[in-house]
Amino acid sequence: MRARYAVPLGITATAAAGIAYSVGIEARFFRLRRVTVPVLPAGMRPLRVLQVSDIHMVSGQRKKQRWLRSLAGLRPDFVINTGDNLSDTEGIPEVLDALGPLMSFPGAYVFGSNDYYGPTPRNPARYLVEKAQGRHGLNGNKPVVGAIHNPWEDLRDGFDAAGWVNLTNTRGALKIDGYEIALTGLDDPHIKRDRYARVAGGPDTDADFSMGIVHAPYLRALDAFAADGYPLILAGHTHGGQLRIPFYGALVTNCDLDTDRVKGLSTHEAEGHTSYLHVSAGCGTNRYTPFRFACPPEATLLTLTERSPHA
C-alpha cells in the first residue's frame, strides 16, 4: 500500500510546496532591475527613467506599499507608470499613498484594463486556450457582461493633481533639466481603447527626445510606434509570463507579442524602422491568481544614454 501511494503523494507534496513558494515568497520578493538603453541624441546627458507597472494593488498589501515608497530613494529624472494599478475596487487610496513619494518627480501614465474594471475569478488555463486560438482580452473575444467598474477617475485625478501627464491616446511632454522629453501614449489595446490615429505622425521634431508609452504590447501598437520612428517604447501588461518554466521561459504573454519578448529589453521592427522595446514584468498579480514562479515582481530603472553614431 505504501508503494502504491508514494508517487501520487510525492507529486502532491511537490505541487503544494511550489504553490506555497510562488504565493508566499516569490510574489513578495520585489526587486529592481537596471537596464541601459542607447537611444538619446548625441550631446544629451544620460536620463534615468523609473518604470512601474502592473501594481495590481489589493488593500492591505503593506510590503508592496513600503517597497514602492522606497523607490523614491533612486531619485529618477522622471517616472513612467504603464498601468494596471488596481486589483481591488477599494485600492485607490493605497495606490496613491504608495506612489506618493514618486509623484514628487516628473512623471506620466497610461491606464490598463484593470484600472477601469475590477478583477473576477478566472481559470488560468484560459490564457493557454486563448493563446492557441489567437484571442486575448476583447481582441477576438465576446464583449464582457456584468463587469465591475472601478472608480478610475479618482486615480486619474490623483495622478493629475501631482502633475503627472495623462497620456490616454494623446501626446504630452516633460521638462527635465532644460531638455524637452516628448511622450506619445495609447489607451489599453487589450480592451480595444487604443486610438493611434489620434497621435500618429511620429516623434515631435521640436523635442530633444521622444518615446512611446502603452500598457499592453499588442503588435498593432508596437508596429505603429516603430513605423513612425519612435526610438523607445515602454509597455507592461504581460507580468513577464507570471509562471515561467526554468530553462524554457514563459508560456503566455496575454497578448499577441511573442514569448521571447515577454519581459525586458528587446527590439521591434516595422516598415524599415527599429525601436527599442522595454516590457516590464510588473510588481503585482491579479488578486485571484496571486502567484509568480521564476518571475519575481519588479520595477525597472532605465538609464537612457547616447545612441551609437552609426545607429
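Evaluate the following for D256: is it of a type outside the set (K, R) and out of contact with any Phe, Trp or Tyr (no Cβ under 8 Å at 6 or more places or on another chain)?
So D256 does not fit the description; no.
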Tell me, yes or no, whether the stretch 178-189 has at least one residue that is modelled with pLDDT of 95 or more and either exposed (fewer than 13 other Cβ atoms within 10 Å of the Cβ) or among the basic types (K, R) (or both). yes
With the structure loaded, tell me whether A27 is at pLDDT below 95 and either open to solvent by less than 50 Å² (accessible area, probe 1.4 Å) or of a type in the set (S, T, N, Q) (or both) or whether it fails that test. yes
Residues in the stretch 118-126: is at least one assigned to a loop (DSSP other than H, G, I, E, B) and either under 20 Å from T168 (Cα atoms) or at pLDDT 95 or above (or both)? yes
Sort out which residues of the stretch 62-114 are open to solvent by 20 Å² or more (accessible area, probe 1.4 Å), farther than 16 Å from L155 by Cβ and either touching an Asp or Glu at 6+ places or on another chain (Cβ under 6 Å) or assigned to a loop (DSSP other than H, G, I, E, B) (or both), and write them in order of number. R75, D77, P101, F105, P106
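The values are calculated or read from the model by the stated rules, or taken from the named source; none is laboratory data. Everything numeric in this text was worked out from a predicted model, so none of it was measured. Backbone-built Cβ (ideal geometry, glycine too); neighbour counts: all protein chains shown. Please note that ligands, DNA and RNA were not included when accessible areas were found on the heavy atoms of the full protein model with its side chains. Shrake-Rupley method; radii C 1.70, N 1.55, O 1.52, S 1.80 Å.
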